[in-house]
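Visitor: Dropping a structure here in structure tokens format, bear with me for questions.
The values are calculated or read from the model by the stated rules, or taken from the named source; none is laboratory data. The shown structure was predicted, so the numbers you read here are calculated from the model rather than taken from an experiment. Please note: Cβ atoms are built from the backbone with ideal geometry, for glycine as well, and neighbour counts cover all protein chains shown. Remember, those area values only see protein heavy atoms, side chains included, never the ligands or the DNA or RNA. Shrake-Rupley method; radii C 1.70, N 1.55, O 1.52, S 1.80 Å.
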Amino acid sequence: MIHDSRYATEQRNDPGTNGRSADADDAFFEGLPMYGAANPSSTDAGTTPGSFAMPADIGGPYMFTSPDTPGMPRPSKLTAWDFLPCDVNLEICSPRDDAACRGHGMPDVPAVRVRPHPGAQAAVTQLEHARLGVITPEMVRVAEREPHLTAAQVRDEIAAGRMIIPANRVHLRYNLDPMAIGRASLTKVNANMGASPVSSGTDEEVEKLRWAERWTADTVMDLSTGGDLDACRDAILRNSTVPIGTVPIYSMIIGRALEDLDAETILATLEHQAKQGVDYFTIHAGVRRAHLKHVRDRLIGIVSRGGSLLAKWMLVHGRENPMYELWDEICDIMRAYDVSFSIGDGLRPGGLADATDQAQLAELDTLGELTERAWAKGVQVMIEGPGHVPLDQIEYNMKLQRSRCHGAPFYVLGPLVTDIFPGYDHITSAIGATNAAYHGASMLCYVTPKEHLGLPKKDDVKQGCVAYRIAAHAADIALGIPGTRDRDDELTKARAALNWEKHFELSFDPDTARAYHDEDLDVDTDFCAMCGHDWCSVRISKEITEFVSGSDNAYAWDKPRVSEALSDEQRDILEKRGVLSPEEVHRLATKTRTAVGADQGRAACHSDAVADADDARSMQQEQLVQLNTSPAHNIPTDDRII
């Protein structure tokens, strides 16, 4: 085990580490795999030693990352600075020059920027501005949203190609709130939606957009293949506050045979969508003719729609992928509007049996080449990744991409870690997504319960967003990104104090948490229905005066109280669960603090049988069966600290 003893010693001697003494903690720390990551709690709350990830490397190739398992590919030594356009010169700058970039990867060079040749094109994209040393308003906004980064660090990461701000110049005129994708930033979540030939339409897709934004999707992809694609896309762009991505080949073949797809149609479609304001395009240019032979023996062939369409086109015409051949022209269109590339993984595995195979990795090599060419054109790039990957192969996939694509942000679908749970693939994939983000992915494309089964509906969008926010947040905490655990710690304090109102307020989905709680016991008191009063370990810990658990005055509460009536959303949650009868749900939704009816057959300790908060407290104190649980907890009955 690699162990940074110097870091451990610093932590033991740090007066902010919860008052631990160095002598008492020597053996404890020497046994921990501490590599130098920051504590994700900004206050070092609790007793955990912190993150076991690598130290933050903002401005370097690692950014935030897990320790490398032996045998993992090393980061590339190249960055976007190694692939400059021909009409600029590289200028070496003083380390004190605030308008120069660090994090470029060049040994013994303190800071750099570019100087355009006379007559060179003016900077348009975030990448081009960053190379000039300019901090754009969008970079400032990203730093405001991610306080662990400065605007200068955001600029430097973009200049190195390790971060993008997908912000079409047209979309910025609407309601877009700029955000960043890169492993130096927080892990992002994308939600897919779109009308199909057999389901949904423009109004429903705009409603799904608003729903996805409510459930904290960071970007949204419009994958419509039916209805009025143009009107649907325009409506989504005009209503969105988050970046919007598309897969333009879907529009290219509407109303024509795939075989008739030509260069003129490809470029005209891209120009049109760029003018509309699309922030990033998925272009499956990495699927080459030479790769198709590697697909022959796969169990499930090509599962990417764009990849399969282009593979068929190549076989019909006996020619190379037109997206690959038109790459430079595509770059020019995207640069003009600052549309970012999301270079598609058309040969991603569609089942565990095809993961990390020759077809997938051959395409990844091409994605690295296309990244270099796009950077030389001044276009921002992220890379799309698999798919369906066994848990043991996820770290390798993440770190191989980091190497072959020179640290460009990795945007992965899942990956699913098992194939036998259709209907639950938001769970199977969130497991893989958590691992992917911890090992290097920058953005996670959500999977909904409808994956492989049909077009997601409104609730499926919520379930996918929630599952993937869990994955992203868990990875950010594990990586030691400063401040990411603060809300968790506050909720823990509220839970320890048995302060239910703050508990729900701090939760990601307060309505669901409150509805589930009130389904069993709709009184906020010093226990819940899981253990009851006498067996509540949190209550017992709170009563032990030598424990700090539950003693934070900020979360103190004075007496039990009957909860408010259910909101419409909470009522809907319980109705869908079907545990309570319609009459019971109705009663919870229509009760008041001073008039609560009693139902037959409910437990006597249930607060439905009381009239108000004082009665609830009285019932807790007088009517519940009081048990002496001290022996069960090995506590003497005369213990002085209780």
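Visitor: Do we find a residue being in a helix (DSSP H, G or I) and within 23 Å of ILE420 (Cβ to Cβ) anywhere in the range 330-353? Outline the logic, then answer.
Guide: So in the range 330-353, the residues in a helix (DSSP H, G or I) come out as 330-337, 352-353.
Okay, now just the ones that are also within 23 Å of ILE420 (Cβ to Cβ), so 352-353.
Yes.
Visitor: Of all residues in the range 233-263, how many are within 20 Å of PRO166 (Cα to Cα) and hydrophobic (A, V, I, L, M, F, W, C)?
Guide: Number satisfying all stated conditions: 7.
Visitor: What is the number of the single condition among (1) open to solvent by less than 40 Å² (accessible area, probe 1.4 Å); (2) more than 31 Å from the chain's Cα centre (by Cα) that GLY286 does not meet?
Guide: For GLY286, the failing item is (2).
Visitor: Starting from residues that are closer than 23 Å to ARG173 by Cβ and in contact with a helix residue (DSSP H, G or I) (Cβ under 6 Å, 6 or more places away or on another chain), keep the ones in the range 128-146 and report whichever is surrounded by the fewest Cβ atoms within 10 Å (Cβ to Cβ).
Guide: So the residue we want is VAL140.
Visitor: Being of a type outside the set (Ser, Thr, Tyr), in contact (Cβ under 8 Å) with a residue 24 or more places away in the chain, open to solvent by 10 Å² or more (accessible area, probe 1.4 Å) and under 18 Å from ASN397 (Cβ atoms), is that true of even one residue in the range 308-319?
Guide: no
Visitor: Here is a follow-up. Taking the residues in the range 227-260 that are crowded, with 21+ Cβ neighbours inside 10 Å and in contact (Cβ under 8 Å) with a residue 60 or more places away in the chain as candidates, determine which candidate is nearest to ARG319 (Cα to Cα).
Guide: ILE249
Visitor: Take the range 100-158 and flag every residue that is polar (S, T, N, Q) and over 23 Å from the mean Cα position of the chain (by Cα). Write out each step before concluding.
Guide: First pass over the range 100-158, keeping only residues polar (S, T, N, Q): 121, 125-126, 136, 150, 153.
GLN121, THR125, THR136, listed by residue number.
Visitor: Among the residues of the range 82-97, is there at least one that is of a type outside the set (S, T, N, Q), under 24 Å from TYR396 (Cβ atoms) and more than 25 Å from the chain's Cα centre (by Cα)?
Guide: Looking only at the range 82-97, we keep the residues that are of a type outside the set (S, T, N, Q), and these are 82-88, 90-93, 95-97.
In the following step, the residues that additionally are under 24 Å from TYR396 (Cβ atoms) were identified as none.
Scanning the range 82-97 turns up no residue that is of a type outside the set (S, T, N, Q), under 24 Å from TYR396 (Cβ atoms) and more than 25 Å from the chain's Cα centre (by Cα).
Visitor: May I pose another question? Against the condition open to solvent by less than 10 Å² (accessible area, probe 1.4 Å), assigned to a loop (DSSP other than H, G, I, E, B) and either within 30 Å of ALA475 (Cβ to Cβ) or in contact with a Ser or Thr (Cβ under 7 Å, 6 or more places away or on another chain) (or both), how does PRO178 come out, does it pass? Show your work before the answer.
Guide: On the way: open to solvent by less than 10 Å² (accessible area, probe 1.4 Å): no; assigned to a loop (DSSP other than H, G, I, E, B): yes; either within 30 Å of ALA475 (Cβ to Cβ) or in contact with a Ser or Thr (Cβ under 7 Å, 6 or more places away or on another chain) (or both): yes.
No.
So that you can scan it fast, the table gives a plain yes or no per residue for (1) under 17 Å from TYR516 (Cα atoms); (2) at pLDDT 85 or above; (3) not in a helix (DSSP H, G or I):
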| position | (1), (2), (3) |
| --- | --- |
| LYS542 | no, yes, no |
| PHE547 | no, no, yes |
| VAL579 | yes, yes, yes |
| LEU588 | yes, yes, no |
| GLN600 | no, no, yes |
| ALA604 | no, no, yes |
| ASP614 | no, no, no |
| THR637 | no, no, yes |
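Okay, residues lined up against (1) open to solvent by 50 Å² or more (accessible area, probe 1.4 Å); (2) in a strand (DSSP E or B):
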{"residue": "PHE28", "(1), (2)": "yes, no"}
{"residue": "THR48", "(1), (2)": "yes, no"}
{"residue": "ARG74", "(1), (2)": "yes, no"}
{"residue": "TRP81", "(1), (2)": "no, no"}
{"residue": "PRO85", "(1), (2)": "no, no"}
{"residue": "ILE92", "(1), (2)": "yes, yes"}
{"residue": "ASP108", "(1), (2)": "yes, no"}
{"residue": "ARG113", "(1), (2)": "no, yes"}
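Visitor: Among the residues of the range 360-409 satisfying the criterion of being in a strand (DSSP E or B) and either open to solvent by 10 Å² or more (accessible area, probe 1.4 Å) or among the basic types (Lys, Arg) (or both), which is nearest to HIS452 (Cα to Cα)? Give the steps one after another, and end with the answer.
Guide: Within the range 360-409, the subset in a strand (DSSP E or B) is 381-385, 388.
Those still in the list that are either open to solvent by 10 Å² or more (accessible area, probe 1.4 Å) or among the basic types (Lys, Arg) (or both) too: 384, 388.
Working: GLU384: 19, HIS388: 12 Å.
Step by step, filter the range 360-409, then rank; the result is HIS388.
Visitor: Say whether the condition of being out of contact with any helix residue (DSSP H, G or I) (no Cβ under 6 Å at 6 or more places or on another chain), within 18 Å of LEU498 (Cα to Cα) and surrounded by 14 or more Cβ atoms within 10 Å (Cβ to Cβ) is met by at least one residue in the range 569-589.
Guide: No, the range 569-589 has no match at all.
Visitor: For the range 94-106, name all the residues that are open to solvent by less than 40 Å² (accessible area, probe 1.4 Å), closer than 16 Å to PRO61 by Cα, touching a Gly at 6+ places or on another chain (Cβ under 8 Å) and part of a loop (DSSP other than H, G, I, E, B).
Guide: Result: GLY103, single match.
Visitor: Now for a separate question. Can you confirm whether the range 481-504 contains a residue that is β-branched (Val, Ile, Thr), out of contact with any Phe, Trp or Tyr (no Cβ under 9 Å at 6 or more places or on another chain) and not in a helix (DSSP H, G or I)? Lay out the reasoning, then the answer.
Guide: Let us first name the residues in the range 481-504 that are β-branched (Val, Ile, Thr), namely 481, 484, 492.
Then keep just the ones that are out of contact with any Phe, Trp or Tyr (no Cβ under 9 Å at 6 or more places or on another chain); that gives 484, 492.
Still in the list and also not in a helix (DSSP H, G or I): 484.
Yes, that holds for at least one residue.
Visitor: Tally up the residues in the range 430-462 that are over 20 Å from THR65 (Cα atoms), in contact with a Phe, Trp or Tyr (Cβ under 9 Å, 6 or more places away or on another chain) and of a type in the set (S, T, N, Q), please.
Guide: 0
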